[in-house]
Every structure is written in structure tokens, then in C-alpha cells.
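Worksheet: the structure to be examined is printed underneath.
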Amino acid sequence: MKRRAWAVVLFAVSAALVLVGLTQGEFGSVFEKAVTVCLSCIGIG
């Protein structure tokens, strides 16, 4: 039971941090960097 409680707490904290990142516009920044890395890996960018 104790292990499940920790799992629920960890999930709730993770979800809260994801929401904070989304509200601050981090998704766009991370996506832009990922596209740049992918394009440079295949030799386009």
C-alpha cells in the first residue's frame, strides 16, 4: 500500500511539472531544438 501511495504522489508531481512547463511555453522551445537536432543529424540543417 505504501508503494502505491508513493507512485500516486510521484505521478501527481510529474503531471504538475508538465503542466507548468506547458504554461510557460517550453513545448515550443523543446520541439524547435528537437527539429534542429534531427535535421542536422541527417545532413539537411
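The values are calculated or read from the model by the stated rules, or taken from the named source; none is laboratory data. From a predicted model like this one, the values you see are computed outputs, not experimental measurements. In this analysis, Cβ positions are derived from the backbone assuming ideal geometry, glycine residues included, and neighbour counts consider all displayed protein chains. All accessible areas refer to the heavy atoms of the entire protein, side chains included, with ligands and DNA or RNA removed. Shrake-Rupley method; radii C 1.70, N 1.55, O 1.52, S 1.80 Å.
Laid out as a table, the results:
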quantity	calculated
Checklist (1) assigned to a helix (DSSP H, G or I); (2) among the β-branched types (Val, Ile, Thr); (3) surrounded by fewer than 10 Cβ atoms within 10 Å (Cβ to Cβ) applied to Ile44, failing item	(1)
Number of the condition not met by Gly28 [criteria: (1) open to solvent by 90 Å² or more (accessible area, probe 1.4 Å); (2) part of a helix (DSSP H, G or I)]	(1)
Selection count, segment 4-25, where residues are among the hydrophobic types (A, V, I, L, M, F, W, C) and open to solvent by 80 Å² or more (accessible area, probe 1.4 Å)	8
